[in-house]
Amino acid sequence: MKRALAAAGAILAGTGLGLAPGCGHANSAASTPEVDAGALLYPENCAACHMDHYNQWRGSMHAYASQDPAFLAMNRRMQRENPGLGTFCVKCHAPMAVVAGKTTNGLNLSELDARYLGVTCYFCHSIEAVDTAHPFNAAVTLASDLSRDKLVDALRSFAAASEKADWAVIYYAGHGIELGGVNYLVPVDARLIADRDVQFEAVPLDQALGAVEGAHKLRMVLLDACRENPFARQMQRTLAARSVGRGLARIEPGPGTLVAYAARDGQVALDGEGQNSPFAAALVKLLKRPGLEVNKLFRLVHDDVMDATGNRQEPYTYGALPGREDFFFVAR
């Protein structure tokens, strides 16, 4: 199954990158501050809205990647002994410096300011694609902070890839909303002034389900999107017959499709205290365990999240996988 999974996989992160949910916010006309794009090149300017994430970053190896004495000494030696080395090392330790053309070998990093040093917030959150020529990345699409149009395009492209795959998996981290029993994913450019705007500004969850339905054996959508509706207090109610729900609504996916909610229908998910949400933290830990069958994996995720949140958040899975075959993210 490990090779089958490599045929098609996706991590579509609406407001986060990879398995790091809870680190972004959908926009609304009433609450979104205007920030100069150039200012965001400096990590400290992210702290105004994301203090916890900034504090975690500034003491991390990412923050000091270009200042590490061992790296600097090794890079000087390697540049001396291998004249054609170029940006081979520095493109990981100071990627913004390379992207902006501020260095060709990393020997001048001490002359650059904070915009170009280390692995910055701006660099990670501006990634739009992964080089799929690398064999390890061929199975994965990363998409971050997407507008509605780009989210739809990403799902459309993934749907085409899924038709050639045995497995298709989408992981979405961001805001979700339920209106009148219909679940929606909220893109970063959504302007939800009134409840009627949801159907025009957000993307129905059914589109994500449709993007995986072409896979031959296993279809899976993981939603770390059951947070408290960020628009509820300011959203005008105009549709008397359709209310905005708390969390996401129950879902009944088709045969061979598994949908996992970070919090069961009607509940909201917690962001947690660390870098990842309780759901993402449990998932990251268990995904790499060899020989852990998928159904068992999500039962363990359920228990870990319940323990971590004092039973305040209960992950839940909907749908069923084929019973004649076992599925593993990492083979025995």
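The values are calculated or read from the model by the stated rules, or taken from the named source; none is laboratory data. What you are looking at is a predicted structure, and each value in this text was computed from that prediction instead of being measured. So basically every Cβ, Gly included, is an ideal-geometry build from the backbone, and we count neighbours across all protein chains shown.
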| remark: Across segment 175-226, the tally of residues that are aliphatic (A, V, I, L, M), under 21 Å from residue 149 (Cβ atoms) and part of a loop (DSSP other than H, G, I, E, B) stands at 6
| Residue identified as at pLDDT below 90 and surrounded by fewer than 17 Cβ atoms within 10 Å (Cβ to Cβ) among 245, 266, 256 | 266
| query | Does segment 314-332 contain any residue that is out of contact with any Asp or Glu (no Cβ under 8 Å at 6 or more places or on another chain) and at positive phi? | reply | no
| Members of segment 138-170 found to be farther than 18 Å from residue 214 by Cβ and not in a loop (DSSP other than H, G, I, E, B), listed by number | 142, 143, 144, 148, 149, 150, 151
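Please work out if residue 296 is free of Cβ contacts under 8 Å to residues at least 12 places away in the same chain and either surrounded by fewer than 19 Cβ atoms within 10 Å (Cβ to Cβ) or in contact with a strand residue (DSSP E or B) (Cβ under 7 Å, 6 or more places away or on another chain) (or both).
Taking the combined requirement at face value, the residue satisfies it.
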| So which residues in segment 32-66 are polar (S, T, N, Q), part of a loop (DSSP other than H, G, I, E, B) and in contact with a helix residue (DSSP H, G or I) (Cβ under 8 Å, 6 or more places away or on another chain), if there are any at all? | 66
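Name every residue in segment 54-71 that is without any contact (Cβ under 8 Å) to a residue 40 or more places away in the chain and not charged (D, E, K, R), in order of residue number.
55, 59, 60, 61, 69, 70, 71, listed by residue number.
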| said: On the basis of being of a type in the set (Asp, Glu), modelled with pLDDT of 85 or more and in the same structural domain as residue 251 (by TED's automatic domain parsing), does residue 163 make the cut? | reply: yes
